[in-house]
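Notes to accompany the following structure.
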Amino acid sequence: MSDPVSLGETVFETERLRLEPLRESHAAELFELLSDRRLYTFVPQDPPESLAWLAARYKRLETRRSTDGSEEWLNWVVRSKADGACIGTVQVTLCRDGRAQLAYEIGVSTWRRGFATEACARVIEALFKQGATEVWAELDTRNEASIRLLQRLGFQRGAFKPKADHFKGTDSDEWTYSLPRPAEPRRMHAAFRLAVFLGLLIAGAAAIGFGWRALGLPRQMREGVIQPWPLLATGALLVLLGVGVTWLSLRRMEGRGLRTVGLWFAPGNLGDRVVGELSPRLSRACSASSGAPASRCRHSWNNQIAVVDRGGHGRRRHGE
């Protein structure tokens, strides 16, 4: 990625939310929210021990990087624009190979209002624009709300890890979900586009000329039976119409994934709409054994983090 630390210091906004970089000072606003035990149903962590403990943790996370430099720790506080209240966090662990592990937590009082989807979609968009190759998450298989949310965002189910952990008196099985970076749209070569445009334009003009001759219009104009100017104006309008239709057709070929002249034009840019416009593919699955492939991030998570706005959390924290 181009500059992950700079990305972690960037403020993002959505229609209803403001995502600001996590600071030590946010601990006071988030401590009560994070003290609700309902947030920790599907994770081995427990609520923060104290406000001082949470503030110290957030101070460490302000570095945006692990001590060995192998991971970038990007954290945002989710703030409601309506009342300015902090309602949760979004976290990303970014590895050197460009893969990003995503999670978030949303306060109980704001569950089921789509805030997690809205915040997460904005972060995913930023990650892909910065060059991330894949965004992934892992979660307890019992966390059905988390699974539905990831599916809405376009994630695909990957590896299943039975008994991935044991906490709160029970074994925890785990799913891995992933979302690969969308392919960049391939545009028509300029020469090909120009050739198609000119060819259709010439064909349209020839068709108009053939029609005029078939109707005997040139002879009637010479004999004064009809006036030439209305016909010329009509012909010019038809040519302009042909130009417009040709241009729109070329744009559609490039942007909508149509097959034309034996070439494939990939769907257009992720850009303004991450949710609903992605064409996710099943990416390389995590190993179902004790460790993921070497290219994977280590499972050291930044915060006790939710993978949905109903208390589904990521497995690890940064530095643990």
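Rule-based calculations on the coordinates, nothing more; no lab input. What you see is a predicted model, and the numbers here were worked out from it, not measured in a lab. Note that each Cβ is placed from the backbone with ideal geometry, even for glycine, and that neighbours are counted across all protein chains shown.
Things worth noting here:
- Sequence-distant lysines (8 or more away, or on other chains) whose Cα lies within less than 26 Å of residue 81: 59, 129
- Estimated FRET transfer efficiency (residue 245, residue 210; beta-carbon r; R0 30 Å; 0.05): 0.95
- Extension gain for residue 28 to residue 59 (0.36 nm times residue separation, less C-alpha to C-alpha distance): 9.9 nm.
- Under-5 Å amide H pairs with residue 159, H placed in peptide plane, nonlocal only: 176, 286
- Residues 17, 51 arranged by fewest to most Cβ contacts within 10 Å: 51, 17
- Loop-located trypsin sites (Lys or Arg not before Pro) in segment 61-143, at most 16 other Cβ atoms within 10 Å (DSSP): 81, 96, 112, 113, 142
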